[in-house]
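J.: Encoded as structure tokens, here's the structure I'll be asking about.
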Amino acid sequence: MAHVKMYTKDPCPYCVRAKAFFKEKGVQVEEIDLTDDFETLNRLKNETGWRTVPMIFIGDKLVGGYSDLKTLDDEGKLDGMLKA
């Protein structure tokens with residue numbers, strides 16, 4: 001199973017949805033809470049170009065946020081990425 005890492009903040013309804021989505025699929029996620037870590041959040045925004053949380057990585061690839069995750073699943077692409 002691929003390593004899944006998710007950067008989150010609180011409050012963030014999309015972060016909650018993404019966590020619930022992965023839990024329902026039985027996928028373990030390394031969650032990194034950036035609520036009080038503005039330095040790391042800004043560094044990630046600059047490195048990835050992604051401006052919002054959650055920032056979801058499968059392996060070393062940024063797949064985006066919750067909506068992007070859901071789209072991958074709806075298109076049947078997510079399971080293959082998780083198994084890689």
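Here, each number is a calculation from the coordinates, and none is a lab measurement. Everything numeric here is computed off the predicted structure, so don't read it as measured data. Methodologically, a virtual Cβ is constructed for each residue, glycine included, from the backbone with ideal geometry; neighbour enumeration extends over all protein chains shown.
J.: Taking the simple approach of a point 7 Å from Cα along Cα-to-Cβ for both Glu30 and Lys77, what is their distance in nm?
T.: 2.4
J.: Normalised by the number of residues in the chain, what is the relative contact order in percent for Cα pairs under 8 Å and 6+ residues apart? Walk me through the numbers on the way to the answer.
T.: Values: 108 pairs, mean separation 32.3, N = 84.
So the answer I get is 39 percent.
J.: Taking θ as phi - 60°, what are the ³J(HN,Hα) couplings along region 65-81 by the Karplus curve (6.51, -1.76, 1.60), each to the nearest whole Hz, with x for Gly and Pro?
T.: For region 65-81, the Karplus curve yields x, 4, 4, 5, 4, 5, 4, 4, 5, 4, 7, x, 9, 5, 4, x, 5 Hz.
J.: Once every Cα of the chain carries one equal point scatterer and solvent is ignored, give the base-10 log of I(q)/I(0) from the Debye formula at q = 0.14, 0.17, 0.23 Å⁻¹, two decimals.
T.: So the normalised log intensities work out to -0.43, -0.63, -1.15.
J.: Moving on to the next point. Magnitude of the Cβ-charge dipole of the chain, K/R +1 and D/E -1, about the Cα centre, nearest 20 debye? All intermediate terms of the calculation are to be shown ahead of the outcome.
T.: Numbers: 13 positive and 15 negative charges, 35 e Å.
Dipole about the Cα centre, nearest 20: 160 debye.
J.: Restricting to DSSP H runs of at least four residues, report the calculated mean residue ellipticity at 222 nm for the chain, -39500 (n - 2.57) per run over all residues, nearest 500 deg cm²/dmol. Could you put the intermediate results ahead of the total?
T.: Details: 4 runs with 39 residues, N = 84.
So the helix-based figure for the chain works out to -13500 deg cm²/dmol.
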